[in-house]
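One structure is given here, and the rest of the page talks about it.
The values are calculated or read from the model by the stated rules, or taken from the named source; none is laboratory data. Not measured: the values here are computed from a predicted model. Positions of Cβ are generated from backbone atoms using ideal geometry, with glycine treated the same way; all protein chains shown enter the neighbour counts.
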Amino acid sequence: MATTYVRARGADRVSAYGDFAALSDTGDVSTACILRREVSDAVIAPGYEPEALEILRAKKGGRYLIIEADLDFEPPEIESRDVFGVRLEQQRDSRVAGTGDPTNVVTAIKDLPDSAKTDMLVSMVALKYTQSNSVCLAVDGQIIGMGAGQQSRIHCTRLAASKAETWWLRQHPTCWLSNSRGAQAVPIATMRSISI
C-alpha cells in the first residue's frame, strides 16, 4: 500500500496538498508512516492494522480524520442532482475498465506493447473519476500528469504535460528528453489513446 500511495501522490504533489487519502486495502504501518509526514487531512480505508491506527491517531495532534470504509455499501443505480428546480438523473457508471479495452488503437502503430496497454488502462481508471475534459499521461503503470476540468482539451493537455515534465525532472533531471517519449495520453471525452 505504501508504494501505491507514493506513486499515486507523486503524479501531482501540489494538488494532493491537504487531501483525503483513499486506500483500497488495509492501512498498514508503512503507509501510516508515510501519511504521518505528508500534508493530508484524512484517510479512508477498509480497515487498519492496530499499530498503523495508533500512528495515524497521533497525526495533527489527534485531529487527523480516520474513516473506515463500509465494504458492503452499494451506491444506488440511479444518480440524481437537483439544479435550480430541475432534477437530472443518470445511471451510475459501474463499468470497470479491463485489459480488453485498449483494442481500438487509433495510431499508425497498431501492435502496442503490454506496457503501453497497462499505461492506458491505468489512465482510463484515473480519468473515470476526473472532470471532463481531461487528459492523463502515464508511464510504467503510474500517472505522471493529469489535466482535468478545463473547457479546452488543449489546456488539459498543457496541464498534463506540465505536470509530467515536473514528474520527469524530479525522477531523472538529466534524462528528461530521452525518456519523455514513452508516456501515454487518454482524453476522457473520447477515450482515445495518444502516444507521445
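Scan the range 15-41 for residues that are part of a strand (DSSP E or B), surrounded by fewer than 17 Cβ atoms within 10 Å (Cβ to Cβ) and either within 12 Å of the chain's Cα centre (by Cα) or not aromatic (Phe, Trp, Tyr) (or both) and jot them down.
Result: Asp19, Ala22, Asp41.
Before we move on, is Asp12 surrounded by 14 or more Cβ atoms within 10 Å (Cβ to Cβ), part of a loop (DSSP other than H, G, I, E, B) and not assigned by TED's automatic domain parsing to the domain that holds Thr130? Can you show your working first?
Numbers: surrounded by 14 or more Cβ atoms within 10 Å (Cβ to Cβ): yes; part of a loop (DSSP other than H, G, I, E, B): yes; not assigned by TED's automatic domain parsing to the domain that holds Thr130: yes.
In short, yes.
Select from the range 100-111 the residues that are aliphatic (A, V, I, L, M) and in contact (Cβ under 8 Å) with a residue 40 or more places away in the chain and list them in ascending order.
Narrowing the range 100-111 to residues aliphatic (A, V, I, L, M): 105-106, 108-109.
Passing the criteria: Val105, Val106, Ile109.
Would you check which residues across the range 67-96 are surrounded by 10 or more Cβ atoms within 10 Å (Cβ to Cβ) and within 26 Å of Asp25 (Cβ to Cβ) and list them?
Ile67, Glu68, Ala69, Arg92
Please go through the range 102-127 and give me each residue that is of a type outside the set (Val, Ile, Thr) and surrounded by 15 or more Cβ atoms within 10 Å (Cβ to Cβ), ordered by number.
Pro102, Leu112, Ala116, Lys117, Asp119, Met120, Leu121, Ser123, Met124, Ala126, Leu127
Mind checking which residues of the range 112-140 are hydroxyl-bearing (Ser, Thr, Tyr), assigned to a loop (DSSP other than H, G, I, E, B) and in contact (Cβ under 8 Å) with a residue 24 or more places away in the chain?
Those that are hydroxyl-bearing (Ser, Thr, Tyr), assigned to a loop (DSSP other than H, G, I, E, B) and in contact (Cβ under 8 Å) with a residue 24 or more places away in the chain: Thr130, Ser132.
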